[in-house]
Every structure is written in C-alpha cells, then in structure tokens.
1. Has the stretch 10-25 got any residue that is closer than 24 Å to Gly131 by Cβ, surrounded by fewer than 18 Cβ atoms within 10 Å (Cβ to Cβ) and free of Cβ contacts under 8 Å to residues at least 60 places away in the same chain?
2. If the Cβ limit is 8 Å and pairs must be 6+ apart or interchain, which residue in the stretch 70-95 that is in contact (Cβ under 8 Å) with a residue 12 or more places away in the chain pairs with which residue that is crowded, with 20+ Cβ neighbours inside 10 Å and of a type in the set (Val, Ile, Thr)?
3. Which of the residues that make up the stretch 9-67 are over 20 Å from the mean Cα position of the chain (by Cα), among the acidic types (Asp, Glu) and either modelled with pLDDT of 90 or more or closer than 22 Å to Arg136 by Cβ (or both)?
4. Return a yes/no flag: does the stretch 154-166 have any residue that is within 17 Å of the chain's Cα centre (by Cα) and within 25 Å of Gly31 (Cα to Cα).
5. Can you report the number of residues in the stretch 145-158 which are touching a helix residue (DSSP H, G or I) at 6+ places or on another chain (Cβ under 7 Å) and buried (at least 18 other Cβ atoms within 10 Å of the Cβ)?
Amino acid sequence: MTELPMADGPPPRERADAARNRAKVLAAAEGLFAAGDPAAVTMDDIAKAAGIGRGTLYRRYPDRASIARALLDEHERALQEQLLRGAPPLGPGGGAGEAHPTPADRLAAFYRAMVDLLETHVHLVLGAETGIARFRTGAYAFWRLHLAHLARQAGLPDPETLADQLLAPLAPELFRHQRDSGRTPEQITAGLSTLAHGTLGR
C-alpha cells in the first residue's frame, strides 16, 4: 500500500506577494463555490472577488477546476495518509495489538470517510471533478488503486474494473442529488456499507 500515489505534488516555493495572491484566490473561490452552483462560478468571478487581475489569476491557475483542486488537496491528503498508515479499519492495521481488518470493513470505512468529506466539501468536489474531469485527478487514481487493492485481497476477478464501479456511488453529483432529496449522511453511509459487504464479502 505504500506505493499508492498521493493526490498531487507539493506547491512550488513562491514569493511573498505570490503567496498573498494565492491566499486571496483560494479564499475568494471557497466562498463562491460554497455560495451557489460551483459550475456557474467563472474565473472572472474569482478574480473580481479576490481583488486581483485576470492575468495574475491565470498565471497561477489555468481554470476553475485547478483552483477547486488546490482547495481540496489538503483534505484529500489527510484521508490518503489515514488509508496508508492510520488505525483500522480505515487504515491497514497489523501493528502491535491490532488485527488486520477485512477488505469489506476497510471499504465500508473508506465510504464512511468519503461521505464525511463530501458532506463538508461537496461544493469543492463539484468544482474540481464534475464529469470526465473526475477521472483525471491524482486523488481519483489513489482511491482507484486502494479499492483495486481491496478487491484483490478479497479474491475477486478484474479488480481494476471493479474499483471504478465501487467509486461510482461517490460521484459528487449523486451525493448532492441524494442530499437534496432528503437522504441523510447516515443513510448514504449505511447504503454504501451494505454495498461494501455485499461486494467484498463479510
């Protein structure tokens, strides 16, 4: 599991003025994404809210999705670290006095953690990963490798294909739809736990 890739590389070293501009951009984008439909936010909106020029914005971020990704990166990295080295069942276990959790228990724990992340940051995920862009992120590659690893541990055929299918229920559009339809995070988590144990076994 230690060979799993992290979401993205660390940010480059930057000048003090560049760091200030970056902080302004991220704060402005966070507010705009949270206030309404992230897909409706434009780069012009972000530049105006941050109080910087469009050229300054585009020199750092080529598009809206790259800004949302920068905001998400810290949260996703924290979860990745737990998957690699955290306590079971989210982490692998096997330390002093720790049993190894089953693949199904680890998948259910991953689903629970992802529901928590989506509940707090779905506006960022929608800004970063809508549609086909979801499959091009470093984080998606990490989640996919993790789930393929669990499927392989469970002895299931074609774990790579199954990993994509197990990630499909975490699409941010689906999560937003379920929440808007009145489903609670607990209900969503319970359904995903049923899926985890039904697919990878007890």
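1. No, the stretch 10-25 has no match at all.
2. Pairs found: Leu72/Val125.
3. The answer is Asp44, Asp45.
4. Checked the stretch 154-166: no residue is within 17 Å of the chain's Cα centre (by Cα) and within 25 Å of Gly31 (Cα to Cα).
5. Looking only at that region, the number is 5.
Every residue, every condition in (1) small (Gly, Ala, Ser); (2) buried (at least 19 other Cβ atoms within 10 Å of the Cβ), yes or no:
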| residue | (1), (2) |
| --- | --- |
| Arg60 | no, no |
| Asp73 | no, yes |
| Arg77 | no, no |
| Gly91 | yes, yes |
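The values are calculated or read from the model by the stated rules, or taken from the named source; none is laboratory data. Everything numeric here is computed off the predicted structure, so don't read it as measured data. Note that we place each Cβ from the backbone using ideal geometry, even for glycine, and neighbour counts take in every protein chain shown.
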